[in-house]
Structures are given as structure tokens and as C-alpha cells.
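The values are calculated or read from the model by the stated rules, or taken from the named source; none is laboratory data. The structure presented is a predicted model; accordingly, all values stated were derived computationally and were not measured. FYI the Cβ positions are ideal-geometry reconstructions off the backbone, even for glycines, and counts take in every protein chain you see. The area values use the complete protein model at the heavy-atom level, side chains included, leaving out ligands, DNA and RNA. Shrake-Rupley method; radii C 1.70, N 1.55, O 1.52, S 1.80 Å.
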Amino acid sequence: MDVRQNTAAWKRVVEIASAADRPVALPSAVTACVEDVGADGLGVSLITSGRIRTVAHAADERSYLLEDAQLVAGEGPCTEAYLQRRIVEADMQSASGRWPVFLRTAGELGIRRVVAVPLLVGNNVPVGAMDVYHTARAPLSAANHARLEAYARILALLALDAHPVLIGWEQAAPEAGPVGYPPAVHQAAGAAAEASNVPVAEALARMRAHAFSHQQLLEDVARDILTGQLRLEEDRDSPPA
């Protein structure tokens with residue numbers, strides 16, 4: 001641990017929170033990190049019990065769309081950083097074919113480089129990851145590498161404050177990527193499965209296909225299903241698998 005970087009990062013987070021008259025929490029830490037490392041966006045995704053992924057915070061709408069793209073596709077640097085418990089740097093051009101769905105979204109949104117950093121607590125137990133987005137392909141410097149690790153430690157602690165359910169998770173060595181979605185998505189998949197008389201897994205596949213083809217957030221698709229604004233059996237753009 002780089003004590004100087006850690007202290008400097010905490011100081012910056014406190015300054016951001018104080019200037020905005022807000023408590024020290026995820027939003028202030030995300031803002032501080034983006035400004036400190038010169039990023040063009042940042043998203044924080046959390047994994048609860050190794051299954052449910054939620055977007056805890058995003059610096060802006062573009063960052064949220066990028067996080068959601070990884071959730072929809074079940075792929076991306078966030079998952080790799082979480083599994084490997086190490087920083088994952090990815091140039092979108094050289095990563096062709098690695099994460100097809102995420103790469104398409106990143107390209108459309110002008111993102112050229114992503115640095116994913118695991119959020120670790122205790123004895124290196126991962127509770128999620130933060131994704132730092134850049135519109136340029138400049139590699140990560142050694143100084144920024146240490147700085148991002150410092151911010152990741154802060155974000156992990158603040159994530160525990162915001163999501164105390166993470167404290168009870170004792171899985172220390174994940175063997176597979178996080179599966180599953182926020183509760184609303186599961187509820188919508190169940191409703192869609194019943195309405196279409198298909199298995200829940202097939203309904204979820206249709207929801208993901210609809211979200212991808214219509215460039216929507218998966219949670220927005222779920223909301224439309226639950227409020228009766230979308231019936232997947234009438235959606236010709238969504239393949240059954």
C-alpha cells in the first residue's frame with residue numbers, strides 16, 4: 001500500500017465532499033478520482049454474494065451506459081478485474097473480439113481505453129470493481145496506477161457503508177464471473193416468462209436482446225415490462241435465445 005497516495009486520495013475526497021456540502025460517500029470519491037487521474041468517466045459495480053451485480057455509482061450517463069453494457073452482456077473488464085483481483089487495462093482496438101457487446105457500446109460512446117480496478121476488502125476479498133474510462137489510448141502511468149489503487153481502497157470502504165449486505169459475504173476466492181441481475185430484472189424476467197409461457201432463462205435472454213438491439217438499459221427494459229409498457233412476445237426484434 002502506498003501510504004502517501006492513500007492519504008492524498010482521502011484528502012481529495014474530503015475536499016470534494018466539503019466543497020459540495022455533501023457527506024464523504026461514493027459520489028464524492030468518484031468525482032475526486034475522475035479529476036485526479038484525468039479520466040473521461042468512471043463507474044462502480046458491486047457484486048453481492050457473488051451473484052447480483054449492481055451499478056453503485058457512475059460519474060455520468062455515458063459511464064452508466066458502459067457499466068450497464070457489461071451487465072447486459074455478462075462480459076467486460078469489470079468482470080475480469082473482479083475475478084483476477086488485479087488491475088485490467090484494455091485498449092478497445094486491441095481487445096477486438098474479447099468482449100464483443102461491450103466493445104460495440106464503448107466504440108459508439110467514444111471510449112478508447114478502460115482500466116478496471118478490483119474493489120478489495122479484508123484479506124483481498126473482492127466486492128466489485130471500478131471502471132475508469134478514457135477517450136484516448138494513453139497507457140496508465142506508474143503514478144496513476146498507484147493512485148487508482150488508493151481510490152479503489154476508498155471506494156471499497158464507502159461501498160460497504162452504502163451496501164452493508166456486502167459485509168456478510170465471506171466468499172474469498174471467486175471461481176466464476178458474477179451472474180444474475182438486480183431484483184427488478186429477475187422480477188421482470190419472471191413476469192415475461194409467465195406472459196409468454198417460456199422458461200425464465202429464455203425470457204431473460206429476450207430481455208437482454210431487446211436491451212442490446214434498442215440500446216436501452218436492462219433495468220429500463222425490466223421497468224417497462226413490470227409496468228406493462230413492453231410485452232416481449234410482441235417484440236420482433238428480440239430473438240428467443
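At-a-glance table
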{"item": "Residues that are in contact with a strand residue (DSSP E or B) (Cβ under 8 Å, 6 or more places away or on another chain), hydrophobic (A, V, I, L, M, F, W, C) and open to solvent by 40 Å² or more (accessible area, probe 1.4 Å), drawn from region 56-82", "result": "Ala59"}
{"item": "Unmet requirement for Ile111, which otherwise passes all of (1) part of a strand (DSSP E or B); (2) in contact with a His (Cβ under 9 Å, 6 or more places away or on another chain)", "result": "(1)"}
{"item": "Residue satisfying all of: in region 89-101; open to solvent by 40 Å² or more (accessible area, probe 1.4 Å), under 11 Å from Arg137 (Cβ atoms) and not in a strand (DSSP E or B); modelled with the highest pLDDT among these", "result": "Gln93"}
{"item": "Residue in region 16-23 that is hydrophobic (A, V, I, L, M, F, W, C), open to solvent by less than 50 Å² (accessible area, probe 1.4 Å) and touching a residue at least 24 places away in the same chain (Cβ under 8 Å) present", "result": "no"}
{"item": "In region 109-122, the residues that are out of contact with any strand residue (DSSP E or B) (no Cβ under 9 Å at 6 or more places or on another chain) and closer than 20 Å to Ala162 by Cα", "result": "Gly122"}
{"item": "Enumerated helices (runs of 4 or more DSSP H) restricted to region 20-88, each holding at least 1 residues that are under 10 Å from the mean Cα position of the chain (by Cα)", "result": "61-73, 77-84"}
{"item": "Residue satisfying condition, being over 18 Å from His57 (Cβ atoms), at pLDDT 90 or above and open to solvent by less than 60 Å² (accessible area, probe 1.4 Å), within set Ala146, Ala129, Ala156, Ala116", "result": "Ala146"}
